[in-house]
Amino acid sequence: DILAWCVRNIPQGLVHSTSFGVSAITHMLYEELAHPIPAIFLDTLHLFPETLETAAKAKVRYGLVLHTYRAVGAHSAEAFAQRYGDELWARDVERFYDITKVEPLQRALQELKVHAWITGRRRDQSEARQNLPIFERVDGRLKINPLAAWTRKALWTYVDQHDVLYNPLHDQGYA
(Lines give C-alpha, C1' and ligand atoms only; values in the text may rest on other atoms or scores of the structure.)
Protein backbone atom coordinates (compact mmCIF):
# COMPACT_ATOMS: atom_id res chain seq x y z
CA ASP A 1 0.00 0.00 0.00
CA ILE A 2 2.84 2.37 0.81
CA LEU A 3 4.53 1.73 -2.53
CA ALA A 4 1.22 2.12 -4.37
CA TRP A 5 0.73 5.48 -2.64
CA CYS A 6 4.24 6.51 -3.70
CA VAL A 7 3.77 5.71 -7.38
CA ARG A 8 0.38 7.49 -7.41
CA ASN A 9 1.49 10.60 -5.56
CA ILE A 10 5.12 11.14 -6.59
CA PRO A 11 4.95 11.24 -10.38
CA GLN A 12 8.53 12.44 -10.95
CA GLY A 13 11.83 12.08 -9.19
CA LEU A 14 11.00 8.79 -7.46
CA VAL A 15 13.70 6.09 -7.22
CA HIS A 16 14.52 3.15 -5.03
CA SER A 17 17.88 2.16 -3.68
CA THR A 18 19.04 -1.43 -3.59
CA SER A 19 22.05 -3.35 -2.34
CA PHE A 20 20.85 -6.58 -3.98
CA GLY A 21 20.39 -8.44 -0.72
CA VAL A 22 16.68 -9.21 -0.96
CA SER A 23 14.84 -7.65 -3.91
CA ALA A 24 11.42 -7.39 -2.24
CA ILE A 25 10.92 -3.68 -3.08
CA THR A 26 12.03 -4.23 -6.68
CA HIS A 27 9.68 -7.21 -6.95
CA MET A 28 6.73 -5.22 -5.59
CA LEU A 29 7.37 -2.25 -7.87
CA TYR A 30 8.14 -4.12 -11.08
CA GLU A 31 5.92 -7.19 -10.80
CA GLU A 32 3.06 -6.43 -8.43
CA LEU A 33 2.53 -2.75 -9.22
CA ALA A 34 3.96 -2.91 -12.76
CA HIS A 35 5.56 0.46 -12.09
CA PRO A 36 9.26 0.32 -12.97
CA ILE A 37 10.92 3.20 -11.19
CA PRO A 38 14.71 3.60 -11.50
CA ALA A 39 16.99 1.91 -9.00
CA ILE A 40 20.20 3.25 -7.48
CA PHE A 41 22.95 0.75 -6.72
CA LEU A 42 26.11 1.77 -4.88
CA ASP A 43 28.97 -0.41 -6.08
CA THR A 44 31.75 -0.13 -3.50
CA LEU A 45 34.05 -2.05 -5.88
CA HIS A 46 34.61 -4.46 -3.00
CA LEU A 47 31.42 -6.50 -3.27
CA PHE A 48 31.14 -10.26 -3.34
CA PRO A 49 30.71 -11.78 -6.84
CA GLU A 50 27.31 -13.13 -5.71
CA THR A 51 26.06 -9.57 -5.18
CA LEU A 52 27.09 -8.53 -8.69
CA GLU A 53 25.52 -11.70 -10.10
CA THR A 54 22.27 -10.91 -8.24
CA ALA A 55 22.32 -7.41 -9.75
CA ALA A 56 22.75 -8.88 -13.24
CA LYS A 57 19.90 -11.34 -12.65
CA ALA A 58 17.62 -8.55 -11.38
CA LYS A 59 18.28 -6.50 -14.51
CA VAL A 60 17.15 -9.43 -16.64
CA ARG A 61 14.28 -10.73 -14.51
CA TYR A 62 12.66 -7.39 -13.73
CA GLY A 63 13.89 -5.34 -16.69
CA LEU A 64 15.43 -3.18 -14.00
CA VAL A 65 16.24 0.43 -14.81
CA LEU A 66 19.52 0.49 -12.89
CA HIS A 67 21.84 3.42 -12.17
CA THR A 68 25.14 2.25 -10.68
CA TYR A 69 27.32 4.71 -8.79
CA ARG A 70 30.88 4.25 -7.56
CA ALA A 71 33.57 6.26 -5.80
CA VAL A 72 34.82 9.23 -7.80
CA GLY A 73 37.75 8.30 -10.04
CA ALA A 74 37.52 4.54 -9.47
CA HIS A 75 35.96 1.97 -11.79
CA SER A 76 37.74 -1.10 -10.39
CA ALA A 77 39.13 -2.30 -7.08
CA GLU A 78 42.63 -1.68 -8.42
CA ALA A 79 41.82 1.92 -9.39
CA PHE A 80 40.22 2.43 -5.98
CA ALA A 81 43.37 1.18 -4.22
CA GLN A 82 45.56 3.42 -6.37
CA ARG A 83 43.50 6.47 -5.54
CA TYR A 84 42.58 5.80 -1.89
CA GLY A 85 45.13 3.23 -0.71
CA ASP A 86 44.96 -0.49 0.01
CA GLU A 87 42.31 -1.81 2.41
CA LEU A 88 40.83 1.57 3.27
CA TRP A 89 37.89 -0.21 4.94
CA ALA A 90 40.34 -1.68 7.49
CA ARG A 91 42.26 1.55 8.10
CA ASP A 92 39.39 4.05 8.17
CA VAL A 93 35.92 2.55 7.81
CA GLU A 94 34.17 5.95 8.12
CA ARG A 95 36.18 7.40 5.25
CA PHE A 96 35.57 4.22 3.24
CA TYR A 97 31.79 4.61 3.71
CA ASP A 98 31.93 8.32 2.88
CA ILE A 99 33.81 7.59 -0.36
CA THR A 100 31.89 4.47 -1.43
CA LYS A 101 28.38 5.11 -0.14
CA VAL A 102 27.67 8.62 1.12
CA GLU A 103 29.16 10.66 -1.73
CA PRO A 104 27.95 8.35 -4.53
CA LEU A 105 24.41 8.39 -3.08
CA GLN A 106 24.40 12.18 -2.85
CA ARG A 107 25.66 12.39 -6.44
CA ALA A 108 23.00 9.93 -7.61
CA LEU A 109 20.20 11.84 -5.87
CA GLN A 110 21.37 15.08 -7.44
CA GLU A 111 22.08 13.79 -10.95
CA LEU A 112 18.80 11.86 -11.15
CA LYS A 113 16.87 14.87 -9.78
CA VAL A 114 15.39 12.75 -6.99
CA HIS A 115 12.51 14.14 -4.94
CA ALA A 116 11.90 10.91 -3.02
CA TRP A 117 13.62 7.58 -2.65
CA ILE A 118 12.50 4.23 -1.36
CA THR A 119 14.71 2.04 0.83
CA GLY A 120 14.42 -1.49 2.15
CA ARG A 121 15.42 -0.60 5.70
CA ARG A 122 13.59 -2.28 8.59
CA ARG A 123 13.35 -1.51 12.30
CA ASP A 124 14.50 -4.97 13.31
CA GLN A 125 17.83 -4.65 11.48
CA SER A 126 19.59 -2.80 14.29
CA GLU A 127 19.06 -0.94 17.55
CA ALA A 128 19.68 2.35 15.75
CA ARG A 129 16.70 1.63 13.48
CA GLN A 130 14.18 0.67 16.18
CA ASN A 131 12.27 3.94 15.73
CA LEU A 132 12.67 4.12 11.95
CA PRO A 133 9.72 6.06 10.50
CA ILE A 134 8.00 5.03 7.29
CA PHE A 135 8.37 8.58 5.95
CA GLU A 136 11.22 10.92 6.80
CA ARG A 137 12.63 14.13 5.38
CA VAL A 138 16.37 14.09 4.57
CA ASP A 139 18.09 17.06 2.96
CA GLY A 140 14.80 18.30 1.51
CA ARG A 141 13.89 14.92 0.03
CA LEU A 142 11.32 12.38 1.13
CA LYS A 143 12.89 9.09 2.22
CA ILE A 144 10.42 6.22 2.32
CA ASN A 145 10.94 3.04 4.32
CA PRO A 146 7.91 0.90 3.38
CA LEU A 147 9.30 -2.20 5.09
CA ALA A 148 10.08 -0.38 8.36
CA ALA A 149 7.52 -2.36 10.37
CA TRP A 150 8.32 -5.70 8.70
CA THR A 151 10.20 -8.34 10.64
CA ARG A 152 12.89 -10.56 9.18
CA LYS A 153 10.39 -13.44 9.33
CA ALA A 154 7.75 -11.44 7.43
CA LEU A 155 10.30 -10.52 4.77
CA TRP A 156 11.39 -14.12 4.21
CA THR A 157 7.80 -15.33 4.21
CA TYR A 158 7.10 -12.80 1.42
CA VAL A 159 10.23 -13.93 -0.46
CA ASP A 160 9.12 -17.58 -0.30
CA GLN A 161 5.50 -16.86 -1.23
CA HIS A 162 6.35 -14.63 -4.21
CA ASP A 163 9.56 -16.22 -5.50
CA VAL A 164 11.49 -13.00 -4.91
CA LEU A 165 15.05 -12.80 -6.16
CA TYR A 166 17.61 -12.65 -3.35
CA ASN A 167 21.36 -12.80 -2.92
CA PRO A 168 22.51 -16.42 -2.42
CA LEU A 169 24.89 -15.24 0.32
CA HIS A 170 21.83 -15.27 2.61
CA ASP A 171 21.78 -19.07 2.23
CA GLN A 172 25.36 -19.08 3.58
CA GLY A 173 24.41 -17.15 6.71
CA TYR A 174 25.24 -13.60 5.62
CA ALA A 175 22.80 -11.02 6.97
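Candidate cross-link partners of K101 among the lysines, defined by an alpha-carbon separation under 25 Å and a same-chain spacing of 8 or more, comprise K57, K59, K113, K143. Once the C-beta distance of D171 and A77 is scaled by a Förster radius of 22 Å, the resulting FRET efficiency is 0.30 to the nearest 0.05.
Computed extension gain for V138 through R152, at 0.36 nm per residue and net of the alpha carbon distance, reaches 2.5 nm. For I40, the solvent-accessible surface with a 1.4 Å probe is about 0 Å², rounded to the nearest 10. Site pair H115 and Q130 shows an inter-label distance of 3.6 nm when each label is modelled 7 Å from Cα along Cα→Cβ.
Dipole size in debye (nearest 20) for the chain around its Cα centre, Lys and Arg Cβ +1, Asp and Glu Cβ -1?
Numbers: 20 positive and 21 negative charges, 103 e Å.
Around 500 debye, computed over the chain.
When the helices of the chain are scored as -39500 (n - 2.57) per DSSP H run of n ≥ 4 and the total is divided over every residue, the value at 222 nm lands at -9500 deg cm²/dmol.
Using +1 on the beta carbon of Lys and Arg, -1 on that of Asp and Glu, and nothing else charged, what's the dipole of region 97-152 about the Cα centre, debye to 20?
Numbers: 11 positive and 7 negative charges, 40 e Å.
That gives region 97-152 a dipole magnitude of about 200 debye.
Give me the percent of DSSP beta bridges within the chain that run antiparallel, rounded to the nearest 5. Write out the running numbers ahead of the final one.
On the way: 5 of 18 bridges.
Around 30 percent antiparallel, to the nearest 5.
The values are calculated or read from the model by the stated rules, or taken from the named source; none is laboratory data. Bear in mind that the values here come from a model prediction, so they are computed numbers and not experimental data. In this analysis, Cβ positions are derived from the backbone assuming ideal geometry, glycine residues included, and neighbour counts consider all displayed protein chains. Just so you know, the surface numbers come from the protein's heavy atoms only, side chains and all, with ligands and any DNA or RNA stripped out. Shrake-Rupley method; radii C 1.70, N 1.55, O 1.52, S 1.80 Å.
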